[in-house]
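Working notes, structure below.
The values are calculated or read from the model by the stated rules, or taken from the named source; none is laboratory data. Quick caveat: nothing in here was measured; it's all calculated off a predicted structure. In this analysis, Cβ positions are derived from the backbone assuming ideal geometry, glycine residues included, and neighbour counts consider all displayed protein chains. Note: areas computed on protein heavy atoms with side chains; ligands, DNA, RNA excluded. Shrake-Rupley method; radii C 1.70, N 1.55, O 1.52, S 1.80 Å.
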Amino acid sequence: MKSMFDEEKIKELFPREERIPYEFKLTQPIKQDEYLINGEMLLWKGRKRKVFSPILIKDNKGLKKKLIGYYPLLTKKEAMTALFSAVKAYDNGRGFWPCLSVIERIKYIEKFLFLIKEKKKEIILLMMWEIGKSLHESLKEFERTIDYIQNTIYALKDIEQASSRFVIEQGIIGQIRRAPLGVVLCTGPYNYPLNETFSTLIPALLMGNTVVFKPPKIGVLLHYPILKLFHEIFPPGVINTVYGEGKEILLPLMSSGLIDVLAFIGSSKTAELLKTHHPKPLRLRSILGLEAKNPAIVLPDADMELAIRECLNGSLTFNGQRCTALKIIFVHKKIVKLFIEQFTEGLGKLKIGMPWDESVVITPLPVPNKAEYLSELIKDSTVKGAKVINKSGGVLYKTLFYPAVIYPVNERMRIYHEEQFGPVVPIVPFENIEEPVKYIIKSSYGQQASIFGNNPEIIGKLVDILVNQVCRININSMCQRGPDIFPFAGRKDSGEGTLSVSDALRVFSMRTIVATKESDINRQIFKEIIKEKNSNS
Ligand code: G3H
């Protein structure tokens with residue numbers, strides 16, 4: 001095993017300002033005093049939240065936090081103004097934006113797409129500094145978002161083409177189209193602040209809805225350059241932004257009853273709170289991406305090298321801070337010793353360091369007190385009989401946490417149930433396949449699972465059981481959301497609704513039909529409407 005880290009060595013990984021490569025220096029804090037409501041960039045003079053990077057900076061006195069910017073902490077009052085602006089822009093479906101033809105709306109998004117590409121460097125740099133995401137992963141997130149937007153436009157053009165045709169059935173002529181739903185409250189998570197935000201925001205806009213957008217609590221500054229584009233491109237009220245404490249801002253919005261769609265990616269607890277605050281729950285549509293505890297099941301005949309590689313990437317990419325990460329690994333008793341040996345050896349080769357370090361995987365954690373929480377989970381499992389089985393596992397200094405592998409984990413331990421969302425890997429030995437199956441059935445979550453093995457009969461049977469438990473079963477592959485044209489969903493407390501490039505267009509719209517009984521006069525009316533372009537639909 002290569003790596004041996006103690007607290008001192010971890011501490012040494014934080015850079016001195018002068019050692020930061022020139023292209024990754026953040027020389028000036030981002031001073032965001034503005035927010036966007038009704039097409040106006042308003043100046044905020046109230047309280048602001050200072051943003052400190054998880055990357056600590058060394059100087060002669062020790063390590064210190066680096067201030068990378070601030071953003072407005074708005075209150076209920078501004079949040080409601082933002083909401084009223086979105087409501088006004090929607091105007092019961094009679095506003096400029098919902099009435100615009102799809103082709104015209106696409107033009108706005110194409111302009112946005114063109115201009116956001118120019119902000120690539122700035123956005124990636126802020127992502128690295130604010131959430132500690134590696135350069136490689138930040139670039140991937142940016143590119144993926146660009147592709148997502150582009151592919152959403154293509155998918156909408158396809159839908160549009162299909163729905164421009166008339167259907168004649170049982171003497172009824174009908175044109176079936178998709179119409180917007182109203183005002184969407186759109187929030188994004190800190191781990192994919194760009195991609196996950198735009199995977200709901202863009203389809204919501206394209207379908208003619210108006211939006212109140214709240215960036216995540218961490219991962220806000222990278223949205224500032226984008227805010228300027230929203231201001232430059234979109235008509236007043238189509239996008240409005242709010243910042244601040246979730247409870248203070250979001251609960252009044254939901255209580256108003258004026259939110260038609262909740263697009264939320266975060267915890268099930270908050271999602272539940274938000275949904276229950278809506279006075280007309282039947283009117284509210286929700287699209288939710290919530291917690292997950294995706295298991296890997298490693299069968300006795302698994303290709304060990306492949307299983308190790310996928311389980312390492314699956315559990316530790318971006319420090320395990322992916323909703324789709326493998327968060328518990330069940331390994332058959334026959335091979336568990338070998339698995340552990342090779343897994344910890346592979347882990348020892350993973351690089352820990354700063355986001356700009358080449359091939360780095362483990363980087364500083366952005367959530368305050370996260371390292372302490374992970375340490376608590378480790379303590380709980382060791383008290384109950386497990387061990388940290390990799391060298392340096394769980395060693396930490398401030399925001400840098402060396403990944404810990406815990407074995408043998410059982411149901412009495414918190415890590416067996418809780419979503420760690422960080423670099424702690426619990427391994428559970430099993431003898432009978434019913435053990436991991438029962439775990440999955442009893443779990444509060446139902447997003448994805450991975451199976452590693454080579455026997456088609458056994459895998460096939462397992463797939464049949466798991467298809468009714470989770471939304472994606474990955475065979476000899478880690479869990480993941482992508483490619484984004486695949487449906488992404490969750491059962492139980494893991495989510496509501498399905499996202500994918502094309503599904504998202506559907507969830508932010510509903511079908512409406514213009515129909516008439518076949519007769520000469522009705523046919524003539526339809527023809528005239530189309531010929532004279534009397535309708536945008
Ligand atoms: O955190 C959830 C992300 O959408 C996961 O995406 O599986 O492609 O990394 P990914």
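Within region 137-152, residues that are in contact (Cβ under 8 Å) with a residue 40 or more places away in the chain have Cβ atoms under 7 Å from residues that are buried (at least 21 other Cβ atoms within 10 Å of the Cβ) and among the polar types (S, T, N, Q) in these pairs: GLU141/ASN195; ARG144/ASN195; THR145/ASN195; TYR148/ASN195; TYR148/SER199, counting only partners at least 6 apart in sequence or on another chain. Here LYS461 passes the criteria (1) within 16 Å of the ligand (Cβ to nearest atom); (2) open to solvent by 50 Å² or more (accessible area, probe 1.4 Å) except the one numbered (1).
For first residues located in region 90-109 and farther than 16 Å from GLU232 by Cα and touching a residue at least 60 places away in the same chain (Cβ under 8 Å), partners that are among the hydroxyl-bearing types (Ser, Thr, Tyr) and open to solvent by 20 Å² or more (accessible area, probe 1.4 Å) and lie 6+ apart or on another chain with Cβ distances below 7 Å form the pairs PRO98/TYR90. For region 19-74, which positions are over 26 Å from ALA89 (Cα atoms), assigned to a loop (DSSP other than H, G, I, E, B) and of a type in the set (S, T, N, Q)? Correct list: THR27, GLN28, ASN60.
Residue-level analysis places TYR71 among those that are in the same structural domain as ALA179 (by TED's automatic domain parsing), surrounded by 17 or more Cβ atoms within 10 Å (Cβ to Cβ), in contact with a helix residue (DSSP H, G or I) (Cβ under 7 Å, 6 or more places away or on another chain) and within 29 Å of LEU13 (Cβ to Cβ). Within region 464-505, the residues that satisfy the criterion of being within 12 Å of the ligand (Cβ to nearest atom) and open to solvent by 40 Å² or more (accessible area, probe 1.4 Å) are ARG472, SER477, GLN480, PRO483, PHE486. LYS121 falls short on exactly one of the conditions (1) free of Cβ contacts under 8 Å to residues at least 40 places away in the same chain; (2) of a type in the set (Lys, Arg); (3) assigned to a strand (DSSP E or B), and that condition is (3). Among the listed residues ILE146, ILE159, which satisfies the condition of being within 16 Å of the ligand (Cβ to nearest atom), in contact with a Lys or Arg (Cβ under 7 Å, 6 or more places away or on another chain) and open to solvent by 10 Å² or more (accessible area, probe 1.4 Å)? The unique qualifying residue is ILE146.
Taking the listed residues GLU291, GLU310, the one that is within 15 Å of the ligand (Cβ to nearest atom) and under 22 Å from GLU418 (Cβ atoms) is GLU291, with no other qualifying.
The residues of region 176-202 that are assigned to a loop (DSSP other than H, G, I, E, B), open to solvent by less than 20 Å² (accessible area, probe 1.4 Å) and either farther than 19 Å from SER509 by Cα or within 15 Å of the ligand (Cβ to nearest atom) (or both), listed by number, are GLY188, PRO189, ASN191, PRO193, LEU194.
Output yes when any residue across region 246-254 is open to solvent by 10 Å² or more (accessible area, probe 1.4 Å) and in a strand (DSSP E or B), and no when none is. Looking through region 246-254, none of the residues is open to solvent by 10 Å² or more (accessible area, probe 1.4 Å) and in a strand (DSSP E or B). Taking the conditions exactly as written (assigned by TED's automatic domain parsing to the domain that holds HIS223 and of a type outside the set (Asp, Glu)), does PHE52 satisfy them or not? Criteria met by PHE52. Within region 511-524, the set of residues being of a type in the set (A, V, I, L, M, F, W, C) and either under 17 Å from the mean Cα position of the chain (by Cα) or surrounded by 13 or more Cβ atoms within 10 Å (Cβ to Cβ) (or both) comprises VAL514, ALA515.
Each row is one residue, and each column tells you yes or no for (1) closer than 30 Å to ASN294 by Cβ; (2) assigned to a strand (DSSP E or B); (3) free of Cβ contacts under 8 Å to residues at least 40 places away in the same chain; (4) β-branched (Val, Ile, Thr).
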| residue | (1), (2), (3), (4) |
| --- | --- |
| LYS461 | yes, no, yes, no |
| GLN469 | yes, no, yes, no |
| ILE473 | yes, yes, yes, yes |
| MET478 | yes, no, no, no |
| ARG481 | yes, no, no, no |
| ILE513 | no, yes, no, yes |
| ILE529 | no, no, yes, yes |
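Could you go through region 100-119 and let me know if any residue there is more than 24 Å from LEU181 (Cβ to Cβ) and touching a Gly at 6+ places or on another chain (Cβ under 9 Å). No; the residues of region 100-119 include none that is more than 24 Å from LEU181 (Cβ to Cβ) and touching a Gly at 6+ places or on another chain (Cβ under 9 Å).
Of all residue pairs spaced 6 or more apart or on separate chains, those with beta-carbon atoms under 8 Å, a first member in region 320-340 that is within 20 Å of VAL470 (Cβ to Cβ) and in the same structural domain as GLU418 (by TED's automatic domain parsing) and a second member that is part of a helix (DSSP H, G or I) and within 11 Å of the ligand (Cβ to nearest atom) are ALA325/GLY314; ALA325/THR317; LEU326/GLY314; LYS327/GLY320. Yes or no: LEU273 open to solvent by less than 10 Å² (accessible area, probe 1.4 Å), farther than 30 Å from GLU434 by Cβ and not assigned by TED's automatic domain parsing to the domain that holds ASP484? No; evaluated as a whole, the condition is false for this residue.
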